[in-house]
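Novice: Can you read through this structure? Questions will come right after.
The values are calculated or read from the model by the stated rules, or taken from the named source; none is laboratory data. Note that the coordinates shown come from a computational prediction; the quantities given were computed from them, not determined experimentally. A quick note on method: Cβ atoms are made from the backbone with ideal geometry, for glycine too, and the neighbour counts reach across all protein chains shown.
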Amino acid sequence: MRFTAVGKRVPRLDGPEKVAGRTQFGADIALPGMLWGATLRSTHAHARIVRVRTDKATKMPGVLAVITGQAFPTSDGEGVPVLARDKVRFQGEAVAAVAAETEEQARAAASAIEVDYAPLPYVADVREAMKRGATRVHDESEDPKHPNIAGVAEVKRGDVEAAFAAADLVFEDTFETPWVHQGFLEPHVSLAAMDPASGRLTVWTSTQAQFNQRADLANLLHLPMSHIRVIGLPVGGAFGGKNAVCVEPIAAELARRAGRPVKVVVSRRDDFFATRPCGASVMELKTGVKKDGTLVALQARLLFDTGGYPGAQHGVGASLAQGPYRVLNMDVKSYSVYTNRPPAGARRALTSPHVHFALESQLDIIAHALGIDPLQIRLRNALRKGDTALGGMEMPYTVAGKVIRTAAEKAGWQRRRRSSGRGAKARGFGLAAGHWSVWAGASSAWVQVNEDGTISVVTGAINLTGTNTSFAQIAAESFGILVERVTVHQGDTDTSPRNDGSWGSRVLFGVGEAVRRACEDAKRQLAEGLSEEMGVPADRILVSEGQVSVRGKAGRSLTLAEAASRAADYRGAIIGRGALSDLPFAVAVAAQVAEVEVDRETGQVEVKRLTCSQDVGRAINPMSVEGQVEGAASQGIGYGLCEEYIYGTDGTLLNDNFMDFRMPTSVDHPQYQVALIEEGLDGGPFGAKGVGEPPLVPTAAAIANAVYDAVGVRVKQLPIKPESIVRALSGGR
Amino acid sequence: MTAETTMTFRVNGRECQVAAGPAERLVDVLRSRLGLTGAKEGCSTGQCGACTVLLDGEPVASCMMLAADAEGREITTIEGLAPPGELHPLQQAFLEHGAVQCGFCTPGMILSAKALLDRKPHPSDEDIARALVGNLCRCTGYRKICEAIKSYARSTRGRSKRVRKR
Amino acid sequence: MAEPQMLQPSTVREAVRALAARGAVAMAGATDLIPAMRKGEIRPRILVNLKGIAGIRGVKRTRRGIWIGALTRVADLLDDPVIAQNLPLLAEVAAEFASPQIRNLATIGGNLCNAAPSADLALPLLVFDATAEVRGRSGKREIATSDFFRGVNRTALRRGEILTGLLVPRPRVRTGAAHLKLGVRKAMDLAFVGIAAAVQVSSDGKKCRRARVALGSVAPTPRRAAKAEAVLEGQVVTSQLIDEAAEAAVSAARPVSDLRASADYRREMTRVLTGRALREAFRRAPQERPR
């Protein structure tokens, strides 16, 4: 199929205002009479709140409202209180908030609120938290033996014991990953205003999910949903960190009490320790294989640190535990575990980078032990059509092997030579694959054909990755017009159809398909509207290449503009509707080869080249897809080599800044090679599927495997620190 | 509170008089008092570069500088790079090469690149990467940003070598 | 928090007088000061902005060597012709200092007076036997840079004194110098370990006449590694000798374990980097003969 708009490298539609610095992010907006909000946050990792005294703060200059945990009797949709009530469960938990005339006054008043804490012992490690008699993060826990289990998921398949008995070799390894921040550059920010006459609340916020915000706010503020309008702003990066409510309810409640708009800008420091970073994990894998490398059994115990409040890691983690491989006998137990850390949020492919770091590292261990090429062991086990994947679904087609082979070929895997390099430097290659399931969820769009023949697309999906540009391409393709003839509008909760959040790599897949269907619906309406005038049944009227014509009859065509204005005369505006939740899961597979240089004496690792291949179904906009792949891989380099939360012995975060929480800079990025595989077999628009998250999944493992290839050191704990390499090379200690 | 003092400097080619506190940072004066919100505050510690502006043509972190220290000097913000309604060819290059994703780092990134190119119109890859170490970007992985800058530098090499843009 | 009062002295004498007041804090590039003030770690009553002081900025050749004004910005060290010709190592270190946005604000005096254990610019000054020029109410004095640092964020400056400049003797003939630092990222990282080395070789190039080794981030202050220097001086340079010197440098390290690295690793890296820096310094020695 030849496309005219799909597959083109179209610059982002919101790009011109972004390069001009005109895009208004949350912190850039101000309203008349606006107040500033500030929060007081817990200095303890775990403590009972004995008393909160606000009288001094209330009397401070400029202060108009002070709230404490009593303001929010219910917790948010994920079970996290907005302001701590009886107890604080992590350092940085918000305890009280203030609205004042200026930011300085608000901050000063917040710090004048006096809180008496009764400190409690705290638990900071999932293994400790799982022990009998561990400190309880939640007093009301029902399981007396394991009071800190927040959630359990199991995947069982085949007969694991028999399979282990029949295996030639069994490998047991434990892997660990750290807490990390998603690394978005725009800290959380919200602005809220309540109209005193109507009682209607408007919230402007940097969020991935405005409709979820609305539902949460209705709950937390005890307001009817119809009284709340959430306006999703341009988002300065999110990567899963802006899925849940953060300071929105605080701004809203302060605005309600003060009777004036309130803006809350979270400081970078607070964003580090007080929002929802990505949780740590400990993963124990036991894998049985045949001598030829065939995987026969997998037993896994996955412990995901969910911090002080519930999370969804266990379920997703369990479903991904087999990787993009055929595993007939499985017994996976996966837990979300409470600790006195921040509530764990999502981060690009929730738990998948964790699980694949473990799995792909172990697969490498197995390949080396068996003397099999790491590429071959992956190809041998790669998922094929009909195999069971993702904790139950059947693979609809075979693509994993191709993705893995492509990465290897493009990286020159067969020609690779481990070289000793210059001086103390050693080079190595590492291969890893990974997968992610893309779920469309509730997706919807409206498409209007305007009387000048242009198309307006309206969705309620937050545009993070440039999906609006892809929607324009999809609509342009559907009507056979130029991309410039399409406008895409991200509406708010009052002005657009409901959508799930911009997470799970679902937007292009689900909402893109809704846009395509809405276009088809609009085309059908056009045909119906013109059927009488054109004297043919609607099903003979064809809308393509910007024309409306009658099938089989040359010469009788209208331009889209003519057709739209006439059809509108008969039927009113032509508004196509696309709404769906019926798409099956799409499985997206990614594979990467890292080429690294390791300094044997200092342990420093440099990623020289990263070759990424990915099954994207269809690259609606290859430039934007490459941008996702490279950006995710860069995040993966950070996860692999330098990023981690470091806590002090008192449970407080020590590296709450960008100097010590080290994200890769412009001199830390490798040469990228990107191969996009477009088989277009899923139900997404023109065969497209989610692309944003999968490329983070294999990176850390690929680097770990390359480090092993270079210097023979197997690091099972992220990040791979220079220090651990040096220690291992000097024979332990 | 200490009284505000009046400071005078040029911003985007125009002389500006601002009353501000003595310890007020340049980023605050630009954003809150002059409405130039193109400089973003991402970290408040000079580590992310989102607040980068040019001071007499050189990049500085406007969150790490007091406005009073800009007295008598020339400040260029992203808003001043091209006349209203137009884009500087460097901005155009960022757009066309997919060097912009979320856009939060973009103004600072473009200004750092501008300062480099003004000093060194035809920088090496290494020069480009080194000029951007103070500008974090979490979205792109930096490659497309470096390509955009390179492409702009190539396009200024004289007509014969001018690359046609799509 | 009350906003501090800002004073803008235009002479050293005025600055010294202003700094004598209680709660007065000197400010130059302010890149360390602004975040510390925002965090509430420093609450000055009076900010004494030194940047308006004439005559303590820039680089000059003097009879006693190269003079660098304390207010010279780190960025200015990168392309100053006098530095390039006489102290290229200082330019190298400056080029790796933080980011362009910080280099265009931060001053050499500020970096030294902040006295971080990792103060990058201290190392080349230490290996070139630089002297700090200080002015206070009782007049002028000079402090060897090796005596200047007294602890984490502590210097030999007395209340009311300011650093006005650095005096660096012109490096001798047949001198080579090198600097290495180790972090996780290739830029914008506070080093785990930083090493500078300067060596002067004999006219036949075989012997080490003079050696200086300075260590950063491995003790409360940047400091010289005297034992390593002693191992080298007067000896015929061999690979084994360099290894011995590198080993000896470790004894000058007093590292702590912190969030960036463990003490053991820092000690080990002191050895590795000292060896590398010395090798590079010797490699550069014959070519870098100043005219």
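Novice: Suppose we filter A:Ala594, A:Ala619, A:Ala632, A:Ala588 for residues that are within 10 Å of another protein chain (Cβ to nearest Cβ) and either out of contact with any Gly (no Cβ under 6 Å at 6 or more places or on another chain) or under 28 Å from A:Arg326 (Cβ atoms) (or both); which single one remains?
Specialist: Of A:Ala594, A:Ala619, A:Ala632, A:Ala588, the one residue that is within 10 Å of another protein chain (Cβ to nearest Cβ) and either out of contact with any Gly (no Cβ under 6 Å at 6 or more places or on another chain) or under 28 Å from A:Arg326 (Cβ atoms) (or both) is A:Ala632.
Novice: Related question: Restrict the check to region A:663-673 and report whether at least one residue is away from chain B (no Cβ under 14 Å), buried (at least 22 other Cβ atoms within 10 Å of the Cβ), out of contact with any His (no Cβ under 9 Å at 6 or more places or on another chain) and closer than 27 Å to A:Ala344 by Cα.
Specialist: no
Novice: Quick check on my filter: what residues within region A:224-273 are assigned to a loop (DSSP other than H, G, I, E, B), within 22 Å of the chain's Cα centre (by Cα) and basic (Lys, Arg)?
Specialist: If the condition is that a residue be assigned to a loop (DSSP other than H, G, I, E, B), within 22 Å of the chain's Cα centre (by Cα) and basic (Lys, Arg), then A:Lys242 is the only one that fits.
Novice: Among the residues of region C:242-270, what is the count of those that are touching a strand residue (DSSP E or B) at 6+ places or on another chain (Cβ under 8 Å) and over 30 Å from A:Phe661 (Cβ atoms)?
Specialist: Within region C:242-270, residues that are touching a strand residue (DSSP E or B) at 6+ places or on another chain (Cβ under 8 Å) and over 30 Å from A:Phe661 (Cβ atoms) number 3.
Novice: Another question, if that's okay. Going through region A:635-656 one residue at a time, which ones are buried (at least 19 other Cβ atoms within 10 Å of the Cβ) and either within 8 Å of chain B (Cβ to nearest Cβ) or among the β-branched types (Val, Ile, Thr) (or both)?
Specialist: Across region A:635-656, the qualifying residues are A:Gln635, A:Ile637.
Novice: Within region B:40-80, can you find the residues that are in a loop (DSSP other than H, G, I, E, B), touching a helix residue (DSSP H, G or I) at 6+ places or on another chain (Cβ under 8 Å) and more than 8 Å from chain A (Cβ to nearest Cβ)?
Specialist: B:Gly46, B:Gly49, B:Cys51, B:Gly57, B:Met65
Novice: Of B:Asp56, B:Asp69, which residue is charged (D, E, K, R) and free of Cβ contacts under 8 Å to residues at least 24 places away in the same chain?
Specialist: B:Asp56 is the lone residue from the list that is charged (D, E, K, R) and free of Cβ contacts under 8 Å to residues at least 24 places away in the same chain.
Novice: If I go through region A:14-60 residue by residue, how many of them are part of a loop (DSSP other than H, G, I, E, B) and either surrounded by 23 or more Cβ atoms within 10 Å (Cβ to Cβ) or within 10 Å of another protein chain (Cβ to nearest Cβ) (or both)?
Specialist: Final tally of qualifying residues: 13.
Novice: Additional query: Restricting to region C:9-24, and then to whatever is surrounded by 17 or more Cβ atoms within 10 Å (Cβ to Cβ), out of contact with any Gly (no Cβ under 8 Å at 6 or more places or on another chain) and free of Cβ contacts under 8 Å to residues at least 60 places away in the same chain, can you tell me which residue is farthest from C:Arg103 (Cα to Cα)?
Specialist: The extreme case among them is C:Ala18.
Novice: Shifting gears a bit: On the basis of being part of a helix (DSSP H, G or I) and charged (D, E, K, R), does A:Arg276 make the cut?
Specialist: no
Novice: So for region B:13-33 (the condition being among the small types (Gly, Ala, Ser) and in contact with a Phe, Trp or Tyr (Cβ under 9 Å, 6 or more places away or on another chain)), does at least one residue qualify?
Specialist: Looking through region B:13-33, none of the residues is among the small types (Gly, Ala, Ser) and in contact with a Phe, Trp or Tyr (Cβ under 9 Å, 6 or more places away or on another chain).
Novice: Looking at this structure, is A:Lys263 more than 30 Å from A:Arg662 (Cβ to Cβ), modelled with pLDDT of 95 or more and buried (at least 20 other Cβ atoms within 10 Å of the Cβ)?
Specialist: yes
Novice: Continuing with this model, one more query. Considering region A:440-457 alone, what residues qualify as being surrounded by fewer than 19 Cβ atoms within 10 Å (Cβ to Cβ) and hydrophobic (A, V, I, L, M, F, W, C)?
Specialist: Passing the criteria: only A:Ala442.
Novice: So how many residues does region A:310-337 have that are surrounded by fewer than 24 Cβ atoms within 10 Å (Cβ to Cβ) and of a type in the set (Ser, Thr, Tyr)?
Specialist: Final tally of qualifying residues: 2.
Novice: What are the pairs with Cβ atoms under 7 angstrom where one residue, in region A:647-671, is of a type in the set (S, T, N, Q) and the other, located anywhere, is at pLDDT 95 or above and not in a loop (DSSP other than H, G, I, E, B)? Sequence gap at least six, or different chains.
Specialist: Partner pairs satisfying both residue conditions: A:Asn657/A:Arg268; A:Asn657/A:Arg269; A:Ser666/B:Ala129; A:Gln671/A:Lys608; A:Gln671/A:Arg609.
Novice: Applying the selection to region A:438-462, what residues are part of a strand (DSSP E or B) and closer than 13 Å to A:Gly510 by Cα?
Specialist: Listed by number, the residues that qualify are A:Val438, A:Ser443, A:Ser444, A:Ala445, A:Thr459.
Novice: Which number in (1) surrounded by fewer than 18 Cβ atoms within 10 Å (Cβ to Cβ); (2) farther than 30 Å from A:Asp569 by Cβ; (3) in contact with a strand residue (DSSP E or B) (Cβ under 9 Å, 6 or more places away or on another chain); (4) not aromatic (Phe, Trp, Tyr) marks the one condition that A:Arg415 misses?
Specialist: (3)
Novice: If you don't mind, another one. If you take just the strands (runs of 3 or more DSSP E) that sit entirely in region A:68-162, which of them hold at least 1 residues that are hydroxyl-bearing (Ser, Thr, Tyr)?
Specialist: Per the criteria, A:114-119.
Novice: Let me ask something additional. If we keep just the residues of region B:107-166 that are modelled with pLDDT of 95 or more and β-branched (Val, Ile, Thr), which is farthest from A:Lys608 (Cα to Cα)?
Specialist: Out of the qualifying residues, it is B:Ile110.
Novice: Against the definition (among the charged types (D, E, K, R), touching a residue at least 12 places away in the same chain (Cβ under 8 Å), over 25 Å from A:Glu17 (Cα atoms) and in a strand (DSSP E or B)), how does A:Asp216 come out, yes or no?
Specialist: no
Novice: When A:Arg269 is evaluated against the numbered criteria (1) away from chain B (no Cβ under 14 Å); (2) surrounded by fewer than 22 Cβ atoms within 10 Å (Cβ to Cβ), which criterion, by number, is the only one it fails?
Specialist: Here A:Arg269 clears every test but (1).
Each row is one residue, and each column tells you yes or no for (1) under 22 Å from the mean Cα position of the chain (by Cα); (2) away from chain A (no Cβ under 11 Å); (3) among the β-branched types (Val, Ile, Thr).
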site: C:Gln240; (1), (2), (3): no, yes, no
site: C:Glu247; (1), (2), (3): no, yes, no
site: C:Ala252; (1), (2), (3): yes, yes, no
site: C:Val256; (1), (2), (3): yes, yes, yes
site: C:Arg260; (1), (2), (3): yes, no, no
site: C:Asp264; (1), (2), (3): no, no, no
site: C:Arg267; (1), (2), (3): yes, yes, no
site: C:Leu278; (1), (2), (3): yes, yes, no
site: C:Phe282; (1), (2), (3): yes, yes, no
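Novice: Next question. Tell me the residue from A:Thr495, A:Thr487, A:Thr469, A:Thr465 that is under 28 Å from the mean Cα position of the chain (by Cα), more than 23 Å from A:Gln628 (Cβ to Cβ) and either within 14 Å of chain B (Cβ to nearest Cβ) or in a loop (DSSP other than H, G, I, E, B) (or both), please.
Specialist: A:Thr495
Novice: Collect the residues in region A:692-715 that are crowded, with 18+ Cβ neighbours inside 10 Å and part of a loop (DSSP other than H, G, I, E, B), keeping them in residue-number order.
Specialist: A:Gly692, A:Glu693, A:Val697, A:Pro698, A:Val713, A:Val715
Novice: Condition first: facing another protein chain (nearest Cβ under 8 Å) and within 26 Å of B:Gly103 (Cα to Cα). Can you find one or more residues in region B:8-31 that meet it?
Specialist: yes
Novice: Let me ask something else. Among the helices (runs of 4 or more DSSP H) lying completely within region B:81-140, list those that include at least 3 residues that are away from chain C (no Cβ under 14 Å).
Specialist: Correct list: B:89-96.
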